[in-house]
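Student: Here it is: the structure, laid out below.
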Amino acid sequence: MAQDFQLPTTHRVLQLISTEEPLQVKTIPTPQPGPGSAIVQILVTGVLSYSGEIYNGKRQYPFPKPFVPGASAVGRLIAVGPDATMSLGQLVLLDCAIHARDDPSAVMLSGIVEGFTEASRKLMHGEWRDSTYAQYTKFPLENCIPLNEERLLGSPSTGGFGYRVEELVHISRLLVPYGGLSDVGLKAGETVVIAPATGPFGNAAVRVALAMGAGRVIAMGRNESALKELSASNARVYTVKITGDDQADTQAITKLGPVDVFFDISPPMAAHSTHLKSAIASLRHGGRVSLMGGIKTDISFPYASFMHRNLSLKGTWMYTRYQMLSFVRLIESGLLPIGKGSGLIVERKFGLEDWKEAFEAASVAGINEVVVFVP
Ligand SMILES: NC(=O)c1ccc[n+]([C@@H]2O[C@H](COP(=O)([O-])OP(=O)(O)OC[C@H]3O[C@@H](n4cnc5c(N)ncnc54)[C@H](OP(=O)(O)O)[C@@H]3O)[C@@H](O)[C@H]2O)c1
């Protein structure tokens with residue numbers, strides 16, 4: 001049967017009017033494509049563990065109001081601007097990190113945060129205001145990353161992995177730590193400390209580090225059952241509990257050998273956690289630190305130690321386009337499985353009207369679980 005690429009005149013979206021009132025499902029005109037953009041039919045889109053806190057204002061993320069919230073998603077090209085080279089019907093990963101074409105340093109996260117410069121704010125208040133909690137969305141062409149449908153969704157009998165389309169949402173979560181771990185040049189055989197590793201992005205970092213060939217992954221966290229789950233997942237994963245005694249924790253880490261890389265993915269609440277001190281103290285001479293967490297306050301760091309031990313510190317917000325494309329190749333190679341048997345799960349799917357339940361489910365989801373909207 002020929003596929004119908006007609007755009008409906010209207011579509012359903014989840015809209016945020018203000019952080020003080022409940023989100024609303026509305027029917028609004030369907031966006032139209034123009035040069036440099038595509039209209040994508042959303043098949044499935046992810047919910048963050050802290051989405052509820054973003055849209056009720058608790059995390060104080062700046063964004064325009066009203067707008068259609070969202071996150072990275074998987075969809076199909078349904079209409080494209082005149083300069084597009086991809087074909088209609090192409091399966092794409094929608095990458096939420098939108099950069100200004102004339103200033104790559106201006107970045108906003110579609111549906112999540114308008115960024116922190118005048119230029120990034122202009123992007124989200126104008127052309128790219130509405131995101132993926134909708135049946136259709138308009139996205140920049142360069143943020144529509146083509147996925148090899150035959151390989152990813154095709155039957156194993158014909159060389160495919162047989163993934164379900166919703167399982168592809170794991171790619172966008174795994175991609176985040178890939179940005180930081182690539183930026184500090186994690187190499188095969190190296191030892192990396194990941195902390196905290198007991199949250200969704202931390203757990204993703206453990207999987208990505210293993211796929212990049214890390215010899216040892218030392219996962220830190222407070223939640224003992226999550227740590228147990230991590231150490232049972234792979235023989236190259238070791239765990240160290242964050243006890244609050246930084247010296248004891250440093251000893252526990254260094255017992256496992258010299259550490260090449262410390263990858264931090266702390267949420268704002270972990271600003272005073274002792275793992276920052278103990279993980280930095282465990283680094284070998286010349287070790288590297290990747291900061292990808294969401295800590296908002298200034299924190300002190302051991303200046304002399306950085307100098308005497310030739311340590312380096314690299315902050316990373318999301319990832320580069322090159323990293324994103326190479327990560328999709330990694331997924332398509334099968335080196336980092338995301339389907340049945342991988343331990344990653346997508347059990348809970350919600351319609352847009354069930355947004356409250358979706359945010360609640362994501363906030364209590366297991367570390368291997370992604371909660372999604374199927375609009
Ligand atoms: N740089 C980027 O591009 C980027 C992208 C996405 C997200 N992020 C940031 O990454 C952060 C972490 O994400 P997430 O997926 O792990 O979800 P999260 O829900 O924000 O954080 C949960 C994790 O934080 C730990 N935690 C909470 N309070 C803590 C405390 N007081 N001390 C020590 N650990 C504490 C939890 O450990 P236990 O359960 O063991 O207590 C768990 O591992 C987010 O908050 C966000 O700001 C950054």
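Student: Is one or more of the residues making up the range 321-328 open to solvent by less than 40 Å² (accessible area, probe 1.4 Å), outside the structural domain of residue 278 (by TED's automatic domain parsing) and farther than 25 Å from residue 260 by Cα? If you could, list the steps in order and put the result at the bottom.
Tutor: First pass over the range 321-328, keeping only residues open to solvent by less than 40 Å² (accessible area, probe 1.4 Å): 323-324, 326-328.
Of the ones still in play, those that are also outside the structural domain of residue 278 (by TED's automatic domain parsing) are 323-324, 326-328.
Subsequent filtering for residues that are farther than 25 Å from residue 260 by Cα retains 328.
Within the range 321-328, one or more residues are open to solvent by less than 40 Å² (accessible area, probe 1.4 Å), outside the structural domain of residue 278 (by TED's automatic domain parsing) and farther than 25 Å from residue 260 by Cα.
Student: Could I ask something else about it? Of the conditions (1) in a loop (DSSP other than H, G, I, E, B); (2) open to solvent by less than 20 Å² (accessible area, probe 1.4 Å), residue 5 satisfies every one except a single condition; which number is it?
Tutor: Here residue 5 clears every test but (2).
Student: Still on this structure: Pairs needed: first member in the range 121-133, without any contact (Cβ under 8 Å) to a residue 12 or more places away in the chain; second member anywhere, of a type in the set (Asp, Glu); C-beta distance under 7 Å; at least 6 residues apart or different chains.
Tutor: Hits for this filter: zero, empty list.
Student: Kindly list, by first and then second residue, each pair from a residue in the range 160-185 that is open to solvent by 30 Å² or more (accessible area, probe 1.4 Å) to a residue that is part of a loop (DSSP other than H, G, I, E, B) and within 13 Å of the ligand (Cβ to nearest atom), limited to pairs with Cβ atoms under 6 Å and residues at least 6 apart or on different chains.
Tutor: That search, which allows pairs on different chains as well, returns 183/316.
Student: Name the one entry in 185, 179 that is in the same structural domain as residue 286 (by TED's automatic domain parsing) and under 15 Å from the mean Cα position of the chain (by Cα).
Tutor: Testing whether each residue is in the same structural domain as residue 286 (by TED's automatic domain parsing) and under 15 Å from the mean Cα position of the chain (by Cα) leaves just 179.
Student: Sticking with this structure for a sec: Which count do you get for residues in the range 332-375 that are part of a helix (DSSP H, G or I) and aliphatic (A, V, I, L, M)? Step through it out loud before you land on a result.
Tutor: Start the filter on the range 332-375 by keeping residues that are part of a helix (DSSP H, G or I), which leaves 332-333, 352-363.
In the following step, the residues that additionally are aliphatic (A, V, I, L, M) were identified as 352, 358, 361-362.
Count: 4.
Student: What number of residues within the range 340-360 are open to solvent by less than 10 Å² (accessible area, probe 1.4 Å) and modelled with pLDDT of 95 or more? Spell out the reasoning first.
Tutor: Of the range 340-360, the ones open to solvent by less than 10 Å² (accessible area, probe 1.4 Å) are 346, 352, 358.
Within this subset, residues satisfying the condition of being modelled with pLDDT of 95 or more are 352, 358.
Selection size over the range 340-360: 2.
Student: Let me ask you something else. Could you look through the range 48-82, keep only residues that are assigned to a strand (DSSP E or B) and open to solvent by 10 Å² or more (accessible area, probe 1.4 Å), and pick out the one that is farthest from the ligand (Cβ to nearest atom)? Quick ask: steps written out before the conclusion?
Tutor: Filtering the range 48-82 down to residues assigned to a strand (DSSP E or B) leaves 67, 73-80.
In the following step, the residues that additionally are open to solvent by 10 Å² or more (accessible area, probe 1.4 Å) were identified as 76, 79-80.
On the way: 76: 26, 79: 30, 80: 28 Å.
Across the range 48-82, the extreme among qualifying residues is 79.
Student: Among the numbered criteria (1) within 15 Å of the ligand (Cβ to nearest atom); (2) in contact (Cβ under 8 Å) with a residue 24 or more places away in the chain; (3) of a type in the set (A, V, I, L, M, F, W, C), which one does residue 269 miss?
Tutor: Unmet for residue 269, out of (1) within 15 Å of the ligand (Cβ to nearest atom); (2) in contact (Cβ under 8 Å) with a residue 24 or more places away in the chain; (3) of a type in the set (A, V, I, L, M, F, W, C): (2).
Student: Let me ask something else. Does residue 89 satisfy the condition of being assigned to a loop (DSSP other than H, G, I, E, B), within 16 Å of the ligand (Cβ to nearest atom) and at positive phi? Outline the logic, then answer.
Tutor: Values: assigned to a loop (DSSP other than H, G, I, E, B): yes; within 16 Å of the ligand (Cβ to nearest atom): no; at positive phi: yes.
Here the answer is no, as residue 89 does not meet what is asked.
Student: Within the range 273-305, track down each residue that is more than 9 Å from the ligand (Cβ to nearest atom), assigned to a helix (DSSP H, G or I) and either touching a strand residue (DSSP E or B) at 6+ places or on another chain (Cβ under 7 Å) or of a type in the set (Ser, Thr, Tyr) (or both).
Tutor: Within the range 273-305, 276, 278, 279, 280, 303, 305 qualify.
Student: Based on this model, can you work out whether residue 51 counts as under 14 Å from residue 358 (Cα atoms), modelled with pLDDT of 95 or more and of a type outside the set (Asp, Glu)? Explain how you work it out, then say what you get.
Tutor: Numbers: under 14 Å from residue 358 (Cα atoms): yes; modelled with pLDDT of 95 or more: yes; of a type outside the set (Asp, Glu): yes.
So residue 51 fits the description; yes.
Student: Shifting gears a bit: Select from the range 291-314 the residues that are open to solvent by less than 50 Å² (accessible area, probe 1.4 Å) and either within 18 Å of the chain's Cα centre (by Cα) or assigned by TED's automatic domain parsing to the domain that holds residue 142 (or both) and list them in ascending order.
Tutor: Those that are open to solvent by less than 50 Å² (accessible area, probe 1.4 Å) and either within 18 Å of the chain's Cα centre (by Cα) or assigned by TED's automatic domain parsing to the domain that holds residue 142 (or both): 292, 293, 294, 295.
Student: Also, I was wondering about something else. Determine, yes or no, whether residue 191 is in the same structural domain as residue 95 (by TED's automatic domain parsing), open to solvent by 10 Å² or more (accessible area, probe 1.4 Å) and touching an Asp or Glu at 6+ places or on another chain (Cβ under 8 Å). Spell out how you get there, then give the answer.
Tutor: Details: in the same structural domain as residue 95 (by TED's automatic domain parsing): no; open to solvent by 10 Å² or more (accessible area, probe 1.4 Å): yes; touching an Asp or Glu at 6+ places or on another chain (Cβ under 8 Å): yes.
No: the conditions fail for residue 191.
Student: Could you tell me which of the residues 249, 245 is over 29 Å from residue 326 (Cβ atoms) and buried (at least 23 other Cβ atoms within 10 Å of the Cβ)?
Tutor: Numbers: 245 fails: buried (at least 23 other Cβ atoms within 10 Å of the Cβ).
Of the residues listed, the single one that is over 29 Å from residue 326 (Cβ atoms) and buried (at least 23 other Cβ atoms within 10 Å of the Cβ) is 249.
Student: May I ask you to list the residues in the range 323-355 that are within 16 Å of the ligand (Cβ to nearest atom) and within 17 Å of residue 96 (Cα to Cα)?
Tutor: Within the range 323-355, 323, 324, 327 qualify.
The values are calculated or read from the model by the stated rules, or taken from the named source; none is laboratory data. Just so you know, these numbers come straight off a predicted model, no measurement behind them. When we count neighbours, we look across all protein chains shown, and the Cβ atoms used for this are built from the backbone with ideal geometry, even at glycine. Surface areas here come from the heavy atoms of the whole protein model, side chains and all, with no ligands, DNA or RNA. Shrake-Rupley method; radii C 1.70, N 1.55, O 1.52, S 1.80 Å.
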